[in-house]
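The values are calculated or read from the model by the stated rules, or taken from the named source; none is laboratory data. Since this is a predicted model, take the numbers as computed values, not measurements. For neighbour counting, all protein chains shown are included, and Cβ atoms are generated from backbone atoms with ideal geometry for every residue, glycine included. These accessible areas exclude ligands, DNA and RNA; they are computed on the full protein's heavy atoms, side chains included. Shrake-Rupley method; radii C 1.70, N 1.55, O 1.52, S 1.80 Å.
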Amino acid sequence: MELGYCCLEEIAVRLLVVEDELDLLRALEKALHEEGYAVDTASDGEDGLFKATTWSYDAIVLDLMLPKLDGGELLKRLRRVKTTPVLVLTARDALPDRVKGLDTGADDYLVKPFERLELLARLRALVRRSVGQAVPVLEVGDVKIDMASRTVTRQGKSINLTPREYALVEFLALHRGKIVTRTMLYDHLFDENEDSLSNLLDVHVSNLRKKLGSDFIITRRGQGYLIDA
Ligand code: CA
């Protein structure tokens, strides 16, 4: 049981690679396919710009030295119409190129030759930012709590929760491993007028146990509730 982030494999991520060295282009395409990305390719700047402006990509890998239209110019024109994250590939020691690339709107750059793992890591970071994965998915055993869509699944199946049940689960999961007192829960979940309904909390907890498993929420008599770490 650990605080996990949603896996990129679960999202259809589409990338464009613009590179005129065909061996490198094929190698990149293969490596990115193996990571589960959908990959389009272009081997010159004109084709790259056409694809980048015509289709929707989650990120673009862009070589700077390209025939027909160089990478810097491609990026400049792309930035007039789109904010697609771009990772620029640049030759070793081409510092002016790098600075130029970042100035014209590259989001990151990598110096050739680069390690495949480093490229993949940087792309993951770019794509994560692009698809708004800053919001984590909390995982507690076989239960996943998606804080962006405010939905809960158990063993991959969607669980129908009321908004208040969801709020209760999210609050306990965010405090996992710690006892959450009834006072904390009342403060978080209910407004003042509902305070008198003293057994309401027990009803929600009982319903959640039916939906998410009897041991999902643990009761500590006289102290409160917790979700085990
Ligand atoms: Ca090149």
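What to note about this one:
- Listed by position, the strands (runs of 3 or more DSSP E) enclosed by segment 27-96 that each have at least 2 residues that are of a type outside the set (D, E, K, R) and modelled with pLDDT under 95 are 38-42, 86-90.
- Segment 29-59, residues that are within 15 Å of the ligand (Cβ to nearest atom) and open to solvent by less than 20 Å² (accessible area, probe 1.4 Å): ALA42, GLY45, GLY48
- Filtered by the rule that a residue be part of a helix (DSSP H, G or I) and surrounded by 12 or more Cβ atoms within 10 Å (Cβ to Cβ), segment 204-227 gives HIS204, VAL205, SER206, ASN207, LEU208, ARG209, LYS211, LEU212.
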